[in-house]
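Below is one structure; the comments refer to it alone.
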Amino acid sequence: MKKEDSDAINARSRSEWVALINEWVHNEVDRKMLVRYLLDGIHLEPLSEEFDLSTVQCQKRVDLAKKQLFKHI
């Protein structure tokens, strides 16, 4: 995770982030992946295995979900 993302994440509580992710990320799988990536610190490779996706697919979905989320905060 990038330093600026990490700093932004640490500026709010976990419950605030979960509420924001639930509000602005409209795909269930993308919400779960984003929580695991941003809040639990799971790297892309284990995340891709967990969700049975390629690492590239996982990265694209996480990036799009992050972009959607950060537009609203």
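The values are calculated or read from the model by the stated rules, or taken from the named source; none is laboratory data. Note that the structure is predicted; figures quoted are calculated from it, not measured. Cβ: placed from backbone, ideal geometry, glycine included. Neighbour counts: every protein chain shown. Keep in mind that these areas ignore ligands, DNA and RNA; they rest on the heavy atoms of the full protein, side chains included. Shrake-Rupley method; radii C 1.70, N 1.55, O 1.52, S 1.80 Å.
Brief remarks follow.
- Positive-end extreme of charge dipole, the chain - chosen from His26, Ile73, Pro46 (charges on Cβ): Ile73
- Shape call, the range 1-58: gyration tensor on alpha carbons, a/c limit 1.5: oblate
- Length gained when the stretch Asp52-His26 is fully extended (0.36 nm per residue, less Cα-Cα span): 7.4 nm
- From phi via Karplus (6.51, -1.76, 1.60), per-residue ³J(HN,Hα) for the range 27-39 in Hz, x at Gly/Pro: 9, 4, 5, 4, 4, 5, 5, 5, 4, 5, 6, 6, 9
- Subtracting the Cα-Cα distance of Arg12 and Asp40 from 0.36 nm times their residue separation leaves 8.7 nm of extension gain.
- Nearest-10 value in Å² for the accessible area of Glu23, using the 1.4 Å probe: 110
- Residues Trp24, Trp17, ordered by accessible area of protein heavy atoms at a 1.4 angstrom probe radius and largest first, appear as Trp24, Trp17.
- Charge tally in the Cβ shell below 15 Å around Lys71, where Lys, Arg are +1 and Asp, Glu are -1, Lys71 excluded: -2
- Per-residue SASA entry for Asp7, accessible area with 1.4 Å probe, Å² rounded to 10: 80
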